Amino acid sequence: MFLKKGSKLYSILKFKCPKCHEGDFFTEKGGFKLKDVTKIHDNCPNCNFKYMMEPSFFYGAMYVAYTLSVGISILTFLITNLIFNFELLESFLAIILILIGSTPFSLRLSRIIWINIFVAYKDKKK
């Protein structure tokens, strides 16, 4: 329902071009190569949409990454404190470990969310 082509969620969760929802956004599929974790194609391999619309376009993704990090931190704190009854120091250590572990995914997610804020899906059929 929500993961149909044409929805922002489809482009974000599948890391696809925000314009055509066909081409890959990142050069590396898995994101496990840390040096290439945020490398994107210059243009969409499918529709040739230019991803870097202006110089420094993805600086705004830092705000999205910050928001994701705060959300992850709050969620981790609540889970460790309310469910597992961790002490305060143990909760903070868990937050630090989870933030370090989720950084590559968070960086990728923040970039695709940021570009999806500004670019709308355009169906080829119309």
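The values are calculated or read from the model by the stated rules, or taken from the named source; none is laboratory data. Note that the structure is a prediction, hence the values are computed from the model and not measured. Note: ideal-geometry Cβ built from the backbone for every residue, glycine included; neighbour counts use all protein chains shown.
Is there any pair with a first residue in the stretch 19-48 that is on the phi > 0 side of the Ramachandran plot and buried (at least 16 other Cβ atoms within 10 Å of the Cβ) and a second that is outside any loop (DSSP other than H, G, I, E, B) and among the aromatic types (Phe, Trp, Tyr) whose Cβ atoms are under 6 Å apart and which are 6 or more apart or on different chains, and what are they?
If the second residue must be outside any loop (DSSP other than H, G, I, E, B) and among the aromatic types (Phe, Trp, Tyr), the pairs left are His21/Tyr10.
Working carefully through the options Leu82, Leu107, Leu89, find the one that is touching a residue at least 12 places away in the same chain (Cβ under 8 Å) and on the phi < 0 side of the Ramachandran plot.
So the residue among Leu82, Leu107, Leu89 that is touching a residue at least 12 places away in the same chain (Cβ under 8 Å) and on the phi < 0 side of the Ramachandran plot is Leu107.
Sort out which residues of the stretch 94-126 are closer than 26 Å to Asn81 by Cβ and exposed (fewer than 13 other Cβ atoms within 10 Å of the Cβ), and write them in order of number.
Passing the criteria: Ile96, Leu97, Ile100, Gly101.
Would you pick out the residues in the stretch 11-30 that are within 15 Å of Ile117 (Cβ to Cβ) and outside any loop (DSSP other than H, G, I, E, B)?
Ser11, Ile12
Consider the stretch 2-45. How many of its residues are closer than 12 Å to Arg108 by Cα, modelled with pLDDT under 85 and aromatic (Phe, Trp, Tyr)?
The number of residues fulfilling the criteria is 1.
A quick yes/no check of all residues on (1) assigned to a helix (DSSP H, G or I); (2) in contact with a helix residue (DSSP H, G or I) (Cβ under 6 Å, 6 or more places away or on another chain); (3) more than 28 Å from Cys17 (Cβ to Cβ):
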{"residue": "Tyr63", "(1), (2), (3)": "yes, no, no"}
{"residue": "Gly71", "(1), (2), (3)": "yes, no, no"}
{"residue": "Leu82", "(1), (2), (3)": "yes, no, yes"}
{"residue": "Lys122", "(1), (2), (3)": "no, no, no"}
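Checking Lys5 against (1) charged (D, E, K, R); (2) loosely packed, with under 13 Cβ neighbours inside 10 Å; (3) part of a loop (DSSP other than H, G, I, E, B): exactly one of these is not met. Which one?
Going through the list (1) charged (D, E, K, R); (2) loosely packed, with under 13 Cβ neighbours inside 10 Å; (3) part of a loop (DSSP other than H, G, I, E, B), Lys5 breaks only (2).
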